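Written out below as structure tokens is the structure these notes cover.
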Amino acid sequence: MKSKGFTLIELLAVIVILAIIALIAVPIIIDIIEDSKKEALKRSAENYLKAVELAIAKENLNGEFNPNSCTIESGITKCGDKTLNVTVDGELPDSGEIMLSNGTIDKTSETFLTYNDKDTLTYDGNNKLIFGEAKAPQPQEKYGYMWYTGSDVSGPSINGDGSSLETTLPEDKNYYLKYKLDDSNVVTNAYACVKFNGTEERCLEGGSADTYGWVTSKTDSTGRVAKLYAIEQEDISGVSCFQQAGSSECFDTSISLYADNFGYIYSTSNHIYCFVYPEGGSRCRYGI
């Protein structure tokens with residue numbers, strides 16, 4: 001009796017068919033797995049952003065806290081001068097930057113989160129997270145601070161050594177000098193800053209002369225005066241602004257931000273002035 005089996009041609013045909021099925025099916029399966037990973041990552045990102053907003057809202061219960069942005073580094077979330085305890089059901093991002101508006105995520109500005117050093121999700125300005133190439137970690141801007149401590153004090157000039165400056169600003173300070181530092185603590189910019197009625201800081205950059213008074217019209221203003229005009233347009237509760245030929249100022253009941261041929265701030269209640277001079281020097285003192 002003659003046994004039946006597959007011929008070599010039949011076996012080859014089956015192998016070819018299986019190979020074709022594999023070629024078709026494997027990419028589809030891989031895409032399904034990849035899409036599932038992306039969706040899971042999106043859910044993690046959305047949960048994380050909601051958790052950040054909730055953490056900011058909790059901080060606001062204890063006082064005014066309205067940062068402009070938050071940064072994530074090594075999974076740690078820092079907003080302004082506060083480190084937030086953010087926990088989510090899902091993955092935490094490794095790095096990234098969150099732009100905020102009134103304590104909520106600003107989805108019209110670039111907000112991105114990077115996971116596993118390779119998957120980056122970015123708001124595209126249409127309230128939707130999209131995937132893109134991983135971004136390099138954003139360098140942290142470095143600042144130093146100085147304020148009046150009971151006696152006249154001089155601060156560093158532009159390109160001067162800022163290593164003696166305070167690295168953090170006490171929460172009760174509402175007028176001070178702020179210095180941008182490079183990695184070697186050399187001062188690259190100096191600012192006079194105030195916090196009107198406990199709101200976020202507003203600063204004027206020191207430097208050489210630009211436009212100081214609204215000589216022709218407010219809309220023609222540039223430089224520091226344009227910044228003061230922008231503050232006036234914000235219509236902050238309790239804050240007034242005025243302008244004249246040579247100077248402009250915005251103030252509340254205790255502090256003022258002023259510019260003429262140099263930018264400086266002062267407290268009107270105790271006559272303490274913190275200056276940034278046009279040549280780049282700075283100081284805080286009692287009286288003019």
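Would you say residue 33 is of a type outside the set (Lys, Arg) and at pLDDT below 75?
On the way: of a type outside the set (Lys, Arg): yes; at pLDDT below 75: yes.
Considered against the rule, which asks whether it is of a type outside the set (Lys, Arg) and at pLDDT below 75, residue 33 comes out as yes.
I'd like to check something: does segment 1-12 contain any residue that is acidic (Asp, Glu), assigned to a helix (DSSP H, G or I) and at pLDDT 80 or above?
Filtering segment 1-12 for residues acidic (Asp, Glu) gives 10.
Now narrow it down to the ones that are assigned to a helix (DSSP H, G or I): 10.
Restricting the remaining residues to those that are at pLDDT 80 or above gives none.
No, segment 1-12 contains no residue that is acidic (Asp, Glu), assigned to a helix (DSSP H, G or I) and at pLDDT 80 or above.
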Legend entry - Test: residue in segment 148-169 that is in contact with an Asp or Glu (Cβ under 9 Å, 6 or more places away or on another chain) and either in a strand (DSSP E or B) or free of Cβ contacts under 8 Å to residues at least 12 places away in the same chain (or both): no
Legend entry - Residues of segment 229-281 satisfying the condition of being open to solvent by 60 Å² or more (accessible area, probe 1.4 Å), part of a strand (DSSP E or B) and either in contact (Cβ under 8 Å) with a residue 60 or more places away in the chain or in contact with an Asp or Glu (Cβ under 7 Å, 6 or more places away or on another chain) (or both): 242
Inset, instruction - Go through segment 70-97 and count every residue that is loosely packed, with under 15 Cβ neighbours inside 10 Å, touching a residue at least 12 places away in the same chain (Cβ under 8 Å), among the hydroxyl-bearing types (Ser, Thr, Tyr) and on the phi < 0 side of the Ramachandran plot. - result: 1
Legend entry - Extreme residue, surrounded by the most Cβ atoms within 10 Å (Cβ to Cβ), among residues of segment 188-207 that are of a type in the set (Asp, Glu) and in a loop (DSSP other than H, G, I, E, B): 201
Inset, instruction - Mind counting the residues in segment 170-187 that are within 19 Å of residue 285 (Cβ to Cβ), assigned to a strand (DSSP E or B) and not hydrophobic (A, V, I, L, M, F, W, C)? - result: 4
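Let me confirm something: among 143, 179, which residue is out of contact with any helix residue (DSSP H, G or I) (no Cβ under 7 Å at 6 or more places or on another chain), open to solvent by less than 40 Å² (accessible area, probe 1.4 Å), more than 19 Å from residue 250 (Cβ to Cβ) and hydroxyl-bearing (Ser, Thr, Tyr)? Lay out the reasoning, then the answer.
Details: 143 fails: open to solvent by less than 40 Å² (accessible area, probe 1.4 Å).
After ruling out the rest, the residue left standing is 179.
The values are calculated or read from the model by the stated rules, or taken from the named source; none is laboratory data. No experiment lies behind these values; they were computed from the predicted model shown. Ideal geometry is used to build each Cβ from the backbone, glycine not excepted, and the neighbour counts take in all protein chains shown. The accessibility values were calculated without ligands, DNA or RNA, using every heavy atom of the protein model including side chains. Shrake-Rupley method; radii C 1.70, N 1.55, O 1.52, S 1.80 Å.
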